[in-house]
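Take a look at the structure set out below.
The values are calculated or read from the model by the stated rules, or taken from the named source; none is laboratory data. The structure displayed is predicted, hence computed values, not measured ones. Note: ideal-geometry Cβ built from the backbone for every residue, glycine included; neighbour counts use all protein chains shown. Protein only, heavy atoms only, side chains kept; ligands, DNA and RNA dropped before computing areas. Shrake-Rupley method; radii C 1.70, N 1.55, O 1.52, S 1.80 Å.
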Amino acid sequence: MALLEVNDVHAYYGYIHALKGISLTVEKGEIVTLIGGNGAGKTTTLRTISGLLKPRHGSIIFEGEDIAQYRAHQLVAKGISMVPEGRGIFAKLTVLENLEMGAYLRKDKDGIAKDMKRVFELFPRLAERKNQVAGTMSGGEQQMLAIGRALMSRPRLLLMDEPSMGLAPVLVELIFDTIEEINKAGTTVLLVEQNAHMALQIAHRGYVLQTGEIVLSNTAKELQKDPTVQKAYLGIE
Amino acid sequence: MAKTGRIDWRQLIRYGLLAGVAALYVSVIGMVEVFSQRSLITGVLTLGQLLLFSAPVLAGYLAVYKDDESQTAAFSLLKGVITGLFSSLPLIALVLLANAVNLRAMFVNVSPALIDILVFGQGTAVGVLLLLLSGAIWGTLGVIIHLLPDKTRHVVLVGLSWTLGAGMLSELLIQVFRPLFGSGFIRFVFQGGALKLWASIVVFILVTLLDWYWSKRREEVKTKMANLNPTQRRAGMGVGLLILLILPWILGTYLSEVLDNVGLFILMGLGLNIAVGLAGLLDLGYVATFAIGAYVMGLFTSTSSLGVGELNFWIVLPISILAAMTAGFLLALPVLHMRGDYLAITTLGFGEIIRILALSDWLSPIIGGAQGILAIPKPQIGSFVFRGPQEIYYLILAGCILAIFVSSRLNNSRTGRQWMAMREDEDVAAAMGIDTTKSKVLAFTLSAASGGLAGAIFASKLGTIFPHSFNLLISINVLSLIIVGGMGSLPGVVVGAFALVALPELLREFAEYRLLLYGALLIVMMLARPEGLWPSAVRRRELKGTEEEEIEGGEGAPVAVTAD
């Protein structure tokens with residue numbers, strides 16, 4: 001049984017039919033990426049899975065349970081954590097306070113301290129800036145914080161929305177290395193990315209979205225070789 | 001700057017005329033004339049004059065504010081003189097125009113008395129010259145203030161504000177000092193409800209000396225305060241409480257009444273602070289909870305024909321609070337999906353609905369309509385009756401202490417965290433596992449509680465309630481005091497309530513211009529001190545954090561290099 005199974009999900013923004021029957025699966029231990037152009041429905045898919053948007057039709061099965069009607073905060077308790085687009089950190093709180101917010105639902109102090117230590121090992125930069133106000137950090141550091149904070153709820157599935165957005169190439173590489181590392185430590189990752197090149201390098205499998213529909217799915221290696229993907233998303237003629 | 005030695009006429013004229021127009025404006029709307037009735041320093045300065053003169057002082061200060069060090073003092077002073085002269089022109093135009101034509105047909109407030117004030121009571125010709133001269137002097141003063149070394153300037157400004165403040169509140173000081181020091185002392189220091197000149201000089205010197213001393217010893221005192229042990233701390237709080245307890249008997253009836261009003265607004269401020277300051281839900285209809293608390297109290301305790309049950313105050317008090325909380329809860333349900341502006345408009349409507357219902361003929365058989373509810377008895381414990389403002393004070397004080405205690409506990413709790421996260425970003429808060437629906441409903445419900453408490457006390461304090469007591473202005477007042485005090489800060493609410501409720505009450509001249517002053521004050525606050533008078537730690541960090549961050553950035557920078 002797959003960890004996450006999305007079956008024929010339709011979602012709307014008002015009258016706009018944003019997702020026209022999305023189906024995808026994420027197996028335990030995988031990194032799966034959704035690639036596609038602007039407005040293809042990548043973020044909408046992620047918002048629907050994370051409960052911020054309710055699907056009008058279709059089912060979302062997580063660990064055997066239909067979670068389509070759950071709201072975002074309930075899914076955190078179920079083990080799904082999201083790194084929102086544009087980082088979405090609490091800009092006025094310090095790094096430490098942000099991380100504490102990430103563990104909001106947990107009560108095991110020892111476990112929280114352990115995970116905090118792990119986040120700081122993953123991102124030594126955050127440890128140096130523990131008491132800095134998050135909004136005053138650089139974009140890359142904010143992204144690290146957003147990822148670190150999502151890990152604090154000890155998720156079994158990590159949803160990431162455009163982690164490379166607006167970052168310098170060096171930092172993008174660092175972030176993707178970390179995502180791989182997180183995955184190797186046992187967290188399943190569903191990654192939405194415009195930077196298809198980077199995403200396909202670390203992912204096991206990928207789905208290509210176009211105007212609210214999945215047009216292609218394959219292993220990441222195959223997708224990298226696919227001529228349409230190369231032309232449309234990898235910039236290879 | 002390349003312009004050293006040359007005068008930037010355009011800039012000077014602009015600042016001068018702007019100040020002049022400001023002075024013209026306050027004159028024409030009648031503020032100067034009304035304020036001139038309050039003398040600050042006997043025979044020397046009235047509040048109206050202070051208002052007039054502060055414009056050229058500010059203009060002079062601004063005219064040289066951006067100049068660099070290389071300019072000579074004499075040159076800067078010259079600029080002040082020029083700016084000041086220009087600032088007099090609009091007023092001179094007004095004087096001449098008022099002499100030539102009757103302006104009162106259009107500007108009711110341009111009275112002969114106002115013109116007399118403007119020309120220093122000396123007739124047109126001499127008056128115009130005096131106006132020019134005073135403009136030049138005040139403009140120069142503005143420059144002098146700028147030229148002073150930073151420390152001296154701070155000390156002088158603090159001294160000036162305290163002196164002027166003491167002059168302004170002379171009537172209050174007389175009331176407080178008379179029983180303490182006797183009439184002889186009052187006659188010695190005050191005259192005609194204002195400070196005598198020598199007394200104001202003494203106040204100025206005393207305050208400057210104290211401030212100077214304080215600036216030297218501040219750090220020392222602060223560390224000493226921080227190092228107090230719990231017993232000493234408790235003793236300090238005990239002394240503070242004792243002062244609060246005997247306060248109404250020192251201040252007398254009138255000032256206790258003022259204090260009661262401030263207290264009621266502190267109560268409401270603390271309540272609204274939960275919704276606005278902590279949870280970030282802009283509620284413009286807060287008066288509704290106040291009204292509901294008051295009406296429930298009135299209805300169930302009144303001995304008039306409208307009264308139901310004639311219950312005891314203490315029985316109805318929790319019912320009032322519960323009723324207000326229920327209203328807050330019910331309001332929260334329809335607005336769950338609204339944010340920002342939409343939420344503000346809806347809550348505004350809610351407040352008006354409650355007021356209009358109270359006023360309506362439909363409900364008048366039950367709650368009295370425009371006639372209101374009469375004969376609400378005073379609360380009592382045993383044989384002690386909370387009869388006058390001095391007794392009611394204790395009730396309000398107890399309410400405030402309770403509300404402060406609850407608020408501060410909430411502030412530091414998981415619930416407080418929850419609200420803070422929601423205020424910052426609802427979606428992200430939900431992604432942290434926070435139930436935003438629950439926290440919103442909780443914020444509205446808890447926020448309504450102290451509004452209901454304030455309303456209940458208000459009803460039994462006055463003994464009668466009318467729908468027109470519950471207008472939009474109360475909501476605006478409460479919101480303004482939170483903003484002025486500092487969003488989300490508990491001491492800020494107290495400071496804001498004193499600034500916005502006590503001051504207008506004590507300076508009755510202000511009453512007519514209260515809204516104008518609120519507007520002006522809010523604009524000035526947003527420009528000069530957006531974090532509020534006594535901000536909470538998070539907001540201070542957000543809006544005034546530059547120094548702190550620069551230091552941290554400095555520490556972080558070399559580390560960042562090695563990390564790369």
Exercise. If you go through segment B:465-482 one residue at a time, do you hit one that is touching a helix residue (DSSP H, G or I) at 6+ places or on another chain (Cβ under 8 Å), assigned by TED's automatic domain parsing to the domain that holds B:Pro334 and aromatic (Phe, Trp, Tyr)?
Worked result: yes
Exercise. Which of the residues spanning segment A:72-91 are more than 15 Å from A:Leu126 (Cα to Cα), touching an Asp or Glu at 6+ places or on another chain (Cβ under 8 Å), facing chain B (nearest Cβ under 7 Å) and touching a residue at least 40 places away in the same chain (Cβ under 8 Å)?
Worked result: A:Met82, A:Pro84, A:Gly88
For this session: From A:Ala113, A:Ala185, grab the single residue that is under 22 Å from A:Ala220 (Cβ atoms), of a type in the set (A, V, I, L, M, F, W, C), away from chain B (no Cβ under 14 Å) and open to solvent by 10 Å² or more (accessible area, probe 1.4 Å).
Result: A:Ala185
For this session: Can you confirm whether segment B:306-319 contains a residue that is on the phi > 0 side of the Ramachandran plot, surrounded by fewer than 15 Cβ atoms within 10 Å (Cβ to Cβ) and assigned to a loop (DSSP other than H, G, I, E, B)?
Result: yes
Exercise. Can you tell me which of B:Gln37, B:Gln11 is among the polar types (S, T, N, Q), open to solvent by 60 Å² or more (accessible area, probe 1.4 Å) and at pLDDT below 90?
Worked result: B:Gln37
Exercise. Out of curiosity, is B:Ala370 in a helix (DSSP H, G or I) and open to solvent by less than 60 Å² (accessible area, probe 1.4 Å)?
Worked result: no
Exercise. Could you say whether any residue in segment B:384-398 is of a type outside the set (Val, Ile, Thr), within 20 Å of B:Leu264 (Cβ to Cβ), more than 25 Å from the chain's Cα centre (by Cα) and surrounded by fewer than 17 Cβ atoms within 10 Å (Cβ to Cβ)?
Worked result: yes
Seminar exercise, completed: Within segment B:285-308, residues more than 16 Å from B:Ala275 (Cβ to Cβ) and of a type in the set (A, V, I, L, M) come out as B:Ala291, B:Ala294, B:Val296, B:Met297, B:Leu299, B:Leu306, B:Val308
Problem set entry | In segment A:121-135, the residues that are within 13 Å of chain B (Cβ to nearest Cβ), of a type outside the set (Lys, Arg) and in contact (Cβ under 8 Å) with a residue 12 or more places away in the chain | A:Phe123, A:Leu126, A:Asn131, A:Gln132, A:Val133, A:Ala134, A:Gly135
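Listed here are the residues, each with its yes/no results for (1) closer than 15 Å to A:Leu159 by Cβ; (2) modelled with pLDDT of 90 or more; (3) away from chain B (no Cβ under 13 Å).
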| position | (1), (2), (3) |
| --- | --- |
| A:Val9 | yes, yes, yes |
| A:Gly14 | no, no, yes |
| A:Ala18 | no, yes, yes |
| A:Gly29 | no, yes, yes |
| A:Gly58 | no, yes, yes |
| A:Leu93 | no, no, no |
| A:Glu100 | no, yes, no |
Exercise. Pairs under 8 Å by beta carbon, first residue within 14 Å of chain A (Cβ to nearest Cβ) and crowded, with 20+ Cβ neighbours inside 10 Å in segment B:526-541, partner assigned to a helix (DSSP H, G or I) and basic (Lys, Arg), six or more apart or different chains?
Worked result: B:Glu531/B:Arg539; B:Glu531/B:Arg540; B:Glu531/B:Lys544; B:Pro535/B:Lys544
Exercise. What are the residues in segment B:448-506 that are part of a helix (DSSP H, G or I), among the β-branched types (Val, Ile, Thr) and farther than 25 Å from B:Arg540 by Cα, if any?
Worked result: B:Ile457, B:Ile474
Exercise. When you look at B:Gly486, is it in contact with an Asp or Glu (Cβ under 7 Å, 6 or more places away or on another chain), over 27 Å from B:Ala358 (Cα atoms) and not assigned by TED's automatic domain parsing to the domain that holds B:Gly369, yes or no?
Worked result: yes
Exercise. Can you name the residue in segment B:430-445 that is touching a residue at least 40 places away in the same chain (Cβ under 8 Å) and either closer than 30 Å to B:Glu310 by Cβ or within 12 Å of chain A (Cβ to nearest Cβ) (or both) and is also most open to solvent (accessible area, probe 1.4 Å) among such residues?
Worked result: B:Thr437
Problem set entry | B:Lys461 being open to solvent by 20 Å² or more (accessible area, probe 1.4 Å), over 28 Å from B:Leu395 (Cα atoms) and in the same structural domain as B:Val335 (by TED's automatic domain parsing) | no
